[in-house]
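See structure below.
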Amino acid sequence: MSRILVVDDEEPLRTLVARGLAMDGHSCLTAADGAEALDTLIAEGGHFDLLLTDIRMPLMDGIALALAAKQAFPDLPIMLMTGYAEQRERARSLDAIVSEVMTKPFTIAELRSTVLDVIERSIG
């Protein structure tokens, strides 16, 4: 189906998200922080259908990653996740480049549905 880069510094959540999305046939690569994710994006030539990243991470946060990814790969859809209200507020300024911001905690069903919607919007 789609190729997704999942980025979160919490390994259990990163694995859970990737496994949940794999239930819909998506192929997921994972990264533990924004810097690793940006390296992966560049190494893979930006060939992903979605960048799904947490906002709050060490080294390079999700917002810095989103800005760098969009500059390098303008057509890459980006979706953010956060459990912090202040981070969600920071993400509002990125409406032009971010397709969706999901608030943690969320269910796998909510995640799967939202990811599918974002991917369909980017194609359509």
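The values are calculated or read from the model by the stated rules, or taken from the named source; none is laboratory data. The shown structure was predicted, so the numbers you read here are calculated from the model rather than taken from an experiment. All Cβ positions, even for glycine, are placed from backbone atoms using ideal geometry, and neighbour counts span all protein chains on display. Calculation scope for accessible area: heavy atoms of the full protein, side chains included, ligands and nucleic acids excluded. Shrake-Rupley method; radii C 1.70, N 1.55, O 1.52, S 1.80 Å.
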| said: What is the percent carbon and sulfur in the accessible area of the stretch 9-60, measuring with a 1.4 Å probe over the protein chains and ignoring ligands? | reply: 53
| request: Express the accessible area of the stretch 3-102 per residue in Å², computed with a 1.4 Å probe while the remaining protein chains stay in the model. | output: 46
| query | Just how far, in whole angstrom, is the stretch 43-83 from the stretch 91-118 if you go by their alpha carbon centroids? | reply | 13
| message | Translational diffusion coefficient of the stretch 67-112 at 10 °C, 1.306 mPa s, Stokes-Einstein with Kirkwood Rh over Cα pairs, in µm²/s as a whole number. | response | 139
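Which of the peptides 67-79, 27-39, 51-63 is most tightly packed, and how do the rest follow, going by the mean number of other Cβ atoms within 10 Å of each residue?
51-63, 27-39, 67-79
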| task | Could you pull the Rg and Dmax for the chain, using just the Cα atoms, both in Å? | result | 12.7, 34
